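Quick notes on the structure that follows.
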Amino acid sequence: MDAFGGKSSAVQDQLTNVQQIQDTQLAFAAIRPDGSTVTWGSSQHGGDSSAVQDQLKDVQQIQATGLAFAAILGDGSVVTWGEADFGGDSSAVQGQLQNAQQIQATQFAFAAVLGDGSVVTWGEAGKGGDCSAVQNHLMVV
């Protein structure tokens, strides 16, 4: 069970005054008071954020699909990690992910509301990650 986030002893000393916690099915991510992020659990499912750790500064919000995380930073940019097919790879839409205000998630995909009210989605295309068919109806006011 340790590989699924059940044991946080390796990061326990970093888990003080935690501001927010999110979980995938197999990992956890916590925002610390300084805006940094601590992760643990299954490494390929979000428990290992070392590939993006240098980007995880001034984290404002974290959301999670079943196996990936997405974080909004203070400048409105978005950082993702975890299982690519579950939204851990946002490279296809990264250029659009500017001034993100909010992120929501399903089991398989993320949706970000941007400052202009538009919506960007990514993750499993057939399960919410591709909103191209309804994009012209997705404007938050």
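Each reported figure results from applying straightforward, stated rules to the coordinates on display, with no laboratory input. What you are looking at is a predicted structure, and each value in this text was computed from that prediction instead of being measured. Counting neighbours? That spans all protein chains shown, and the Cβs are built from the backbone with ideal geometry, glycine included.
Take THR37, THR65 and order them by how many other Cβ atoms sit within 10 Å, fewest up front. It would help to have the intermediate numbers written out before the result.
On the way: THR37 23, THR65 29.
So the ranking, lowest neighbour count to highest, is THR37, THR65.
Between GLN96 and GLN44, with labels modelled 7 Å along Cα→Cβ, what's the label distance in nm to one decimal, could you check?
With each label point 7 Å from Cα toward Cβ, the separation is 2.8 nm.
Sorted from fewest to most neighbouring beta carbons within 10 Å, what does the list VAL52, VAL18 look like? List each step's numbers first, then the result.
Numbers: VAL52 17, VAL18 12.
The most exposed by this proxy come first: VAL18, VAL52.
What net charge do the residues around ASN17 carry, taking every other residue with its C-beta under 13 Å from that of ASN17, with Lys and Arg at +1 and Asp and Glu at -1?
Numbers: positive: ARG32; negative: ASP13, ASP34.
With Lys, Arg at +1 and Asp, Glu at -1, the neighbours total -1.
Can you list residues from other chains, or at least 5 along the same chain, whose modelled amide H is less than 5 Å from the amide H of ASN99?
Residues meeting the criterion, in which the H sits 1.01 Å from N, are SER77.
Count charges around GLY129 for me, please; just the other residues with Cβ under 11 Å from its Cβ, Lys/Arg as +1, Asp/Glu as -1.
Details: positive: LYS127; negative: ASP85, ASP89, GLU124, ASP130.
Residues close to GLY129 contribute a combined charge of -3.
Within the set of other residues whose C-beta is less than 12 Å from the C-beta of THR65, count the net charge using Lys and Arg as +1 and Asp and Glu as -1. Mind showing how you got there, number by number?
On the way: positive: LYS127; negative: ASP23, GLU83, ASP85, ASP89, GLU124.
For residues surrounding THR65, the net value is -4.
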